[in-house]
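Please find one structure pasted underneath; my questions will follow.
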Amino acid sequence: MTSEDHEGQALSTGPAHPGDVAVIAGLLDAAQPDCVPMLPAEIRAHLDEIEVIRDPSGEVIATAALRPLDEGRGELRGLAVAPGWRGRGLGVALLHRIVSRALLEERLLVCVTRQRSYFLRQGFRDIPLSSVPSKPGRPATPPSAEQPRVAMALPWTRSEPSRSKERPHVR
């Protein structure tokens with residue numbers, strides 16, 4: 001998908017490619033402590049879960065992933081925007097793509113973050129941190145007293161068939 005940022009630059013959004021691994025790792029590393037970095041091997045193993053935004057030259061300038069946790073939940077991972085591109089709505093644009101994917105897959109979207117106020121503005125609500133499993137082999141981020149990690153979920157309801165409260169007619 002091609003779109004423009006607020007300055008009229010043509011940007012494209014879509015899936016990550018194998019050649020993007022090092023750039024994605026760099027974006028996540030630069031976003032610490034807000035983002036948990038991922039090792040290149042982890043990025044390669046989950047490349048099909050990652051969405052990116054590319055600048056007019058094709059360089060990856062933003063990234064986010066939807067990682068399935070279990071049957072009904074998916075975790076937003078690695079929402080990061082290159083420093084020179086921040087403040088242009090790219091993070092929100094990627095978040096909307098991830099939300100759309102989660103809805104299509106009928107997954108409750110959860111995340112672990114240090115940016116609670118940002119996610120509250122996007123409609124997320126607090127959930128217990130223990131409700132989001134930690135990943136084996138995930139590099140630890142340094143603890144931060146000013147910005148503790150919190151777990152959040154984006155509430156949504158799927159349409160369910162209406163259930164009649166009438167009793168079946170018995171003869």
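For the range 57-81, give me each residue that is under 27 Å from PRO148 (Cβ atoms) and touching a Gly at 6+ places or on another chain (Cβ under 9 Å).
ALA62, THR63, ALA64, ALA65, LEU66, ARG67, PRO68, LEU79, ALA80, VAL81
Taking the range 1-20, which residues are at pLDDT 95 or above and surrounded by fewer than 10 Cβ atoms within 10 Å (Cβ to Cβ)?
Residues satisfying the conditions are PRO18, GLY19.
Moving to a separate point now. In the range 91-110, is there at least one residue being hydroxyl-bearing (Ser, Thr, Tyr) and modelled with pLDDT of 70 or more?
Step one: of the range 91-110, the residues hydroxyl-bearing (Ser, Thr, Tyr) are 100.
Of the ones still in play, those that are also modelled with pLDDT of 70 or more are 100.
Yes, the range 91-110 has at least one match.
Quick one: in the range 81-113, of everything that is farther than 22 Å from TRP156 by Cα and in contact with an Asp or Glu (Cβ under 8 Å, 6 or more places away or on another chain), which residue is most open to solvent (accessible area, probe 1.4 Å)?
First, pick out the residues of the range 81-113 that are farther than 22 Å from TRP156 by Cα: 81-90.
Filter once more, keeping what is in contact with an Asp or Glu (Cβ under 8 Å, 6 or more places away or on another chain): 85, 88-90.
Working: TRP85: 39, ARG88: 60, GLY89: 42, LEU90: 12 Å².
Selected residue: ARG88.
Residues being within 16 Å of the chain's Cα centre (by Cα), open to solvent by 20 Å² or more (accessible area, probe 1.4 Å) and either modelled with pLDDT of 85 or more or among the hydroxyl-bearing types (Ser, Thr, Tyr) (or both): count how many of those fall in the range 30-39.
So the answer is 0.
Return a yes/no flag: does the range 42-64 have any residue that is open to solvent by 10 Å² or more (accessible area, probe 1.4 Å) and touching a residue at least 60 places away in the same chain (Cβ under 8 Å).
Yes - at least one qualifying residue is present in the range 42-64.
Just a yes or no: is a residue in the range 66-73 modelled with pLDDT under 95 and either among the small types (Gly, Ala, Ser) or assigned to a loop (DSSP other than H, G, I, E, B) (or both)?
Scanning the range 66-73 turns up at least one residue that is modelled with pLDDT under 95 and either among the small types (Gly, Ala, Ser) or assigned to a loop (DSSP other than H, G, I, E, B) (or both).
Something else now. Tally time: how many residues in the range 78-129 are part of a loop (DSSP other than H, G, I, E, B) and touching a residue at least 24 places away in the same chain (Cβ under 8 Å)?
The number of residues fulfilling the criteria is 11.
Then there is this: Could you run through the range 29-65 and say how many residues are in a loop (DSSP other than H, G, I, E, B) and closer than 19 Å to SER100 by Cβ? Please lay out each step first, then the result.
Just the residues of the range 29-65 that are in a loop (DSSP other than H, G, I, E, B), to begin with: 31-39, 46, 55-59.
Narrowing further to those that are closer than 19 Å to SER100 by Cβ: 46.
Of the residues in the range 29-65, 1 are in a loop (DSSP other than H, G, I, E, B) and closer than 19 Å to SER100 by Cβ.
The values are calculated or read from the model by the stated rules, or taken from the named source; none is laboratory data. If you're wondering where the values come from, they're calculated on a predicted model, not measured in any experiment. All Cβ positions, even for glycine, are placed from backbone atoms using ideal geometry, and neighbour counts span all protein chains on display. Accessible surface is based on the protein model in full, side chains and every heavy atom, while ligands, DNA and RNA are left aside. Shrake-Rupley method; radii C 1.70, N 1.55, O 1.52, S 1.80 Å.
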